[in-house]
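Some notes on the structure that comes next.
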Amino acid sequence: MILRGRFTRRRKILLVLVLVILGWLGYGWYAGIAITRGVEKREMDWNGDGQVSRSELLQAFYAVVVKDTREGNRQCRSFQWRRNGEQFRVDCKTVFQKDAGH
């Protein structure tokens with residue numbers, strides 16, 4: 001049974017809020033914002049002091065962009081400030097994969 005009722009003010013506000021959050025998540029994924037790239041909390045030490053502060057955690061939602069690159073077995077992840085594109089950290093690792101032919 002479908003309930004039919006008025007679309008109340010509270011429901012309209014909730015709908016707008018959900019649409020804004022979904023829109024921001026879509027933009028964040030498109031722009032490469034850190035929180036949408038699977039960056040873990042322990043990796044969010046942007047200033048390198050060994051502690052992840054609340055402000056550093058919040059910056060992952062709007063200020064830090066992550067770019068992933070791959071060259072053969074080497075995978076690198078560069079962290080940049082969104083406002084000016086300045087790169088402040090690069091994390092690289094070597095990943096060995098099994099041959100598909102064996």
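The values are calculated or read from the model by the stated rules, or taken from the named source; none is laboratory data. Since the model is a prediction, treat every value here as computed from it, not as a measurement. Every residue, glycine as well, gets a Cβ built from its backbone with ideal geometry; the counts of neighbours run over all protein chains shown. Note: areas computed on protein heavy atoms with side chains; ligands, DNA, RNA excluded. Shrake-Rupley method; radii C 1.70, N 1.55, O 1.52, S 1.80 Å.
Annotations for the structure displayed:
- Subset tally (residues that are in contact with a helix residue (DSSP H, G or I) (Cβ under 8 Å, 6 or more places away or on another chain), open to solvent by 50 Å² or more (accessible area, probe 1.4 Å) and either in contact (Cβ under 8 Å) with a residue 40 or more places away in the chain or over 24 Å from L25 (Cα atoms) (or both)) for segment 45-69: 1
- Tally, over segment 70-87, of residues that are more than 28 Å from I21 (Cα to Cα) and not acidic (D, E): 6
- The residues in segment 70-89 that are open to solvent by 100 Å² or more (accessible area, probe 1.4 Å) and either more than 22 Å from Y30 (Cβ to Cβ) or modelled with pLDDT under 90 (or both) can be counted, and the count is 2.
- When the residues of segment 5-41 are filtered to those that are of a type in the set (G, A, S) and more than 13 Å from F61 (Cα to Cα), the one that is surrounded by the fewest Cβ atoms within 10 Å (Cβ to Cβ) is G5.
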